[in-house]
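The values are calculated or read from the model by the stated rules, or taken from the named source; none is laboratory data. Here the structure is a predicted model, which means the values were calculated and not measured. Using ideal geometry, Cβ is built from the backbone for each residue, glycine included, and neighbour counts are taken over all protein chains shown.
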Amino acid sequence: MNSLRTRSETLQMLRSKEFALHVINLVERTAAAHFASAALMDDTIVTIRDWAEAIEEQKRQQTSAVSVRFAYDFEFALVRACKDFGIAVLGKEEGDAPGHDFRVITSDDGIIPFEVKTTQSANGWTGSTHSEGKGKAESYVLVSYELDYELPIPKNTFSFTNVIKAVHFSVLDECAVAWNGEATDNNSSTTGKIHVNSVDEYRKSISLGSVEPKQKWCKCLREDITQYRGLEIEAA
């Protein structure tokens with residue numbers, strides 16, 4: 001197992017721009033796998049937009065279908081990135097722990113569960129939680145991203161370079177997110193936003209993108225990642 005770091009050291013590494021870019025790189029390396037089979041079977045499916053329109057009639061369902069594919073990729077990529085950066089990491093665990101998607105081990109605070117929320121929406125992080133009444137994790141990785149829906153789907157490789165155009169990436173500790181929806185024994189729909197009162201705290205968690213306080217909630221702005229292309233960001 002990797003040598004343990006303190007909570008502060010671990011958060012610093014998770015919040016580094018290099019870590020966020022490495023996660024994005026890992027996602028793009030395999031993202032085409034979700035769409036290539038359909039593109040190979042149907043010549044009219046050339047882009048992600050074509051794929052989405054072919055499998056769902058309603059726009060909202062099309063977005064959801066694409067988001068689900070990327071959501072699990074980001075979860076796997078985060079665990080892999082932790083390993084690549086030498087962060088002691090564990091997967092999901094049944095039991096009394098709060099709802100989470102991965103866990104990191106620190107030398108001073110033990111195991112910290114993280115919940116991962118990803119979205120294509122610019123209006124907050126929305127999804128379902130499988131909390132079983134155990135509550136939500138207090139630490140989060142939040143990723144808001146924009147895809148290039150017109151980029152041709154690669155048919156001979158899993159790599160989908162440049163499919164992610166812009167990203168807002170943050171790693172929160174002890175929750176600056178306001179969730180609309182309570183944890184229950186059933187799946188419950190939740191929407192997470194950043195309250196303006198938490199803007200200063202939240203800014204410390206951002207590695208890509210920025211935040212703009214509005215009347216009550218903050219607007220999380222994505223960062224164009226074109227400027228980082230070709231840098232071959234890898235584990236430190």
Query raised in the report: Going through the stretch 144-162 one residue at a time, which ones are touching a helix residue (DSSP H, G or I) at 6+ places or on another chain (Cβ under 6 Å) and β-branched (Val, Ile, Thr)?
Result: ILE153, THR161
Report summary line: Taking the stretch 194-219 and the residues there that are polar (S, T, N, Q) and part of a helix (DSSP H, G or I), the one that is farthest from PHE19 (Cα to Cα) would be ASN197
Report task. Determine whether THR63 is among the β-branched types (Val, Ile, Thr) and in contact with a Pro (Cβ under 7 Å, 6 or more places away or on another chain). Result -> no
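Let's see how each residue does on (1) surrounded by 14 or more Cβ atoms within 10 Å (Cβ to Cβ); (2) part of a loop (DSSP other than H, G, I, E, B); (3) hydroxyl-bearing (Ser, Thr, Tyr):
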{"residue": "SER3", "(1), (2), (3)": "no, yes, yes"}
{"residue": "LEU11", "(1), (2), (3)": "yes, no, no"}
{"residue": "ALA20", "(1), (2), (3)": "yes, no, no"}
{"residue": "ILE24", "(1), (2), (3)": "yes, no, no"}
{"residue": "VAL27", "(1), (2), (3)": "yes, no, no"}
{"residue": "HIS34", "(1), (2), (3)": "yes, no, no"}
{"residue": "ILE45", "(1), (2), (3)": "yes, yes, no"}
{"residue": "ARG60", "(1), (2), (3)": "no, no, no"}
Report task. Collect the residues in the stretch 77-94 that are hydrophobic (A, V, I, L, M, F, W, C) and in a loop (DSSP other than H, G, I, E, B), keeping them in residue-number order. Result -> PHE85, ILE87, ALA88
Report summary line: For the stretch 23-51, pairs from a residue that is closer than 15 Å to ASN162 by Cα to a residue that is of a type in the set (Gly, Ala, Ser) and surrounded by fewer than 17 Cβ atoms within 10 Å (Cβ to Cβ), with Cβ under 7 Å and 6 or more apart or across chains, are GLU28/SER159; ARG29/SER159; ALA32/SER159
**Report entry** Close pairs (6 angstrom Cβ cut-off, 6 or more residues apart or separate chains): within 13 Å of LEU142 (Cβ to Cβ) in the stretch 197-217, assigned to a loop (DSSP other than H, G, I, E, B) and modelled with pLDDT of 95 or more anywhere
**Finding:** SER207/ARG15; GLY209/ARG222
Report task. Select from the stretch 71-113 the residues that are under 17 Å from LEU4 (Cβ atoms), touching a residue at least 24 places away in the same chain (Cβ under 8 Å) and out of contact with any strand residue (DSSP E or B) (no Cβ under 7 Å at 6 or more places or on another chain) and list them in ascending order. Result -> ASP84, PHE85, GLY86, ASP108, ASP109
Query - Failed condition for THR63, given (1) over 17 Å from GLU146 (Cα atoms); (2) under 19 Å from the mean Cα position of the chain (by Cα) - result: (1)
**Report entry** Output for the stretch 144-175, where each listed residue is outside any loop (DSSP other than H, G, I, E, B), touching a Leu at 6+ places or on another chain (Cβ under 9 Å) and charged (D, E, K, R)
**Finding:** LYS165
Query - Failed item, numbered, when THR106 is tested on (1) modelled with pLDDT of 95 or more; (2) β-branched (Val, Ile, Thr); (3) surrounded by fewer than 21 Cβ atoms within 10 Å (Cβ to Cβ); (4) closer than 29 Å to GLN61 by Cα - result: (4)
Query raised in the report: Pick from the stretch 206-232 the residues that are of a type in the set (Gly, Ala, Ser) and surrounded by 12 or more Cβ atoms within 10 Å (Cβ to Cβ): which of them is nearest to LEU147 (Cα to Cα)?
Result: GLY209
Query raised in the report: When you look at ALA97, is it at pLDDT 95 or above, among the small types (Gly, Ala, Ser) and surrounded by 14 or more Cβ atoms within 10 Å (Cβ to Cβ), yes or no?
Result: no
